[in-house]
Amino acid sequence: MTADPTAAPSWESLVVGAGPEPMARGPVTRTDFVRYQGASGDMNPVHHDETFARAAGFPAPLGVGMWPAGMLTAWAAAWVGPERVRRVRIRWQAPIFPGEVLTMEARVGSRDDASRQVELELTCTRQDGAVTVRAWLTAQL
Amino acid sequence: MVDRSAEGAEGTPFTMDIERGKVREFARAVGASHAAFHAGEHPVIPPTFLTTQFFWEAAEEGSNPWERVAMSQERGMHAEQEYIFHGPPPRAGDRLHCRSRIERIYEKQGRKGGTLTFAVMVTEFRDAAGALVAEARLTGVETSKPPEEG
């Protein structure tokens, strides 16, 4: 009998370095930004209004940072078990613009047997290799 | 331009209902297809869902102290964000009692010159009994000149 591949990973399997296969997303579109803005309520025009974005010094609408951050952390949460999430920390490092292809990666950075918590280290990377979002997700087993 | 006098400002309390349709909408927007975010009467929230607190603050005058920070839309950026859950994350059907405050405003010299002004807002989310369910910590940064692309 084989284990259910969609089941959340066991404590024993969450060793340092473990993680899901990387996931690519894109090319990202203005529609992705707008759908996220509508869902989140952040309607800053720099993320969808071409004229406003150019006047602010950008070549195109600037990707709304919480969008890849939301994708990255939800993707990692789905792998480790959504109900197990106890903390996420997110840091933005580089902008994204429409047309970018993003790659999400996650691995166990540390685990603590006493508290049965693992910390996943997450990155969302642009085609040119620059990390756009770095995040840390703590899960409780 | 950041108003440093906003440090310590506290919003009035507001209520946030975690709604099933909103959870699904948000999950779809972040490409979160896991059944836990969609299925049943009480799907769990994606990790960054509490950012939708904005909709509930917008309906209650004085509840969002971030407005008093007055960060520039052109030169302001989201630098860091944190969510802490004191147990499994909230689910659709939960009602949260919330309050935001401006925890800190401070300056740093930028690597490429210019001054960076940081502002940190903390929001606490409690259940009906007053127990802390979640905390959000938003850090915004404003540059003294337009950010460079790339």
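None of the figures in this text is laboratory data; all of them are computed from the coordinates on show. Since the model is a prediction, treat every value here as computed from it, not as a measurement. Ideal geometry is used to build each Cβ from the backbone, glycine not excepted, and the neighbour counts take in all protein chains shown.
Remarks
- Only lysines eight or more places from residue B:145 in sequence, or on another chain, were considered; those with a Cα closer than 21 Å are B:108, B:112.
- Per-residue ellipticity at 222 nm from helix content only, as computed over chain B with -39500 (n - 2.57) for each DSSP H run of at least four residues, stands at -3000 deg cm²/dmol.
- Potential lengthening between residue B:107 and residue B:3 on full extension [0.36 nm per residue; Cα-Cα distance subtracted]: 36.2 nm
- Per-q log10 I(q)/I(0), segment A:37-90, q = 0.13, 0.24, 0.32 Å⁻¹ (Debye; single scatterer per alpha-carbon; no solvent): -0.44, -0.89, -1.17
- Per-residue mean of foreign Cβ neighbours for A:99-110 is 0 (Cβ atoms of other chains, 10 Å radius).
- For chain B, the dipole from Cβ point charges (+1 on Lys and Arg, -1 on Asp and Glu) about the Cα centre works out to 320 debye, to the nearest 20.
- Other residues with beta-carbon under 15 Å from the beta-carbon of residue A:32 carry, at +1 per Lys or Arg and -1 per Asp or Glu, a net charge of +2.
- Neighbour counts of C-beta atoms inside 10 Å place B:57, B:135 in the sequence B:135, B:57, starting with the fewest.
- Projected label distance in nm at residue A:127 and residue A:18, using a 7 Å step from Cα toward the beta-carbon: 3.5
- Within-13-Å neighbourhood charge of residue B:126 [Cβ basis; K, R +1; D, E -1]: -2
- Mean shadow area of chain B over all directions, Cα convex hull, nm²: 10.1
- Assigned charges on the beta-carbon of Lys, Arg, Asp, Glu; chain A dipole about Cα centre (debye): 260
- Whole-angstrom gap from segment B:77-150 to segment A:42-86, using each part's C-alpha centre: 15
- Electrostatic tally near residue B:97: other residues with Cβ closer than 14 Å to its Cβ, Lys and Arg +1, Asp and Glu -1, net -4.
- Signed unit charges on C-beta, dipole axis of segment B:4-143, positive-most listed residue B:117, B:42, B:65: B:117
- Cα-based shape type of chain A, given that a ≥ b ≥ c are square roots of the gyration tensor eigenvalues and the cut on a/c is 1.5: prolate
- Structure remark: mean-square fluctuation, Gaussian network model of chain B, C-alpha springs under 10 Å; the largest value among B:30, B:69, B:122 belongs to B:30.
- The fewest-to-most ranking of B:102, A:96, B:84 by surrounding Cβ atoms within 10 Å reads B:84, B:102, A:96.
- With only the Cα atoms considered, the protein assembly as shown has a convex hull volume of 145 Å³ per residue.
- Nearest-ten-degree value, helix B:20-29 long axis tilted from longest Cα axis of chain B: 50
- Footprinting exposure proxy ranking of A:103, A:138, B:115, B:48, fewest other C-beta atoms within 10 angstrom first, gives B:115, A:103, A:138, B:48.
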